[in-house]
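These notes are about the structure you will find just below.
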Amino acid sequence: QRVVALDAQAARVVVGRDLCLGGMRIAANPELAVGDVLRLALHAGSDTQPLVVLAGVERDDGADGLVLAFAALTVAQRERLEKILAQS
């Protein structure tokens, strides 16, 4: 897991796994805690534009990582995420 902090408005690079319509899991990260809200840019395949969603840290599973739950997705976001999941 590599985290890149740029400034006070820090951008973090996280690698997700177990992606589903409800959220995803990321590696353990000491800079994040349950209750934090993140703006995520999901990059998939050859899509040029990422899917940007809000997600909250719902659970800390220790060494197994953090569970993120997507905030209310719009219809367009949900459709795009379904497409990403179908391609993977």
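The values are calculated or read from the model by the stated rules, or taken from the named source; none is laboratory data. On a predicted model such as this, the values are computed, not experimentally measured, just so you know. Heads up, the Cβs are rebuilt from the backbone with ideal geometry, glycines too, and the neighbour counts pull from every protein chain shown. Surface areas here come from the heavy atoms of the whole protein model, side chains and all, with no ligands, DNA or RNA. Shrake-Rupley method; radii C 1.70, N 1.55, O 1.52, S 1.80 Å.
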Roughly how many nanometres apart are two label points built 7 Å out from the Cα toward the Cβ at Val75 and Leu54? 2.1 nm
R0 of 25 Å, Cβ-Cβ distance Asp64-His43: FRET efficiency to nearest 0.05: 0.60
Probe radius 1.4 Å, ligands and nucleic acids ignored: give me the carbon and sulfur share of the accessible area of region 5-88 as a rounded percent. 54 percent
Nearest 20 debye, what's the magnitude of the dipole of the chain about its Cα centre given +1 on Lys and Arg Cβ and -1 on Asp and Glu Cβ? 220 debye
How big, in percent, is the set of alpha carbon pairs in the chain lying more than 23 Å apart? 21 percent
Taking the 0 to 90 degree range and rounding to the nearest ten, how far is the long axis of helix 75-87 tilted relative to the main principal axis of the chain, both from C-alpha atoms? 90 degrees
The orientation-averaged projected area of the Cα convex hull of region 11-50, in nm², is 3.6 nm²
Rolling a 1.4 Å sphere over the protein heavy atoms, what is the accessible area per residue of region 13-88, to the nearest Å²? 61 Å²
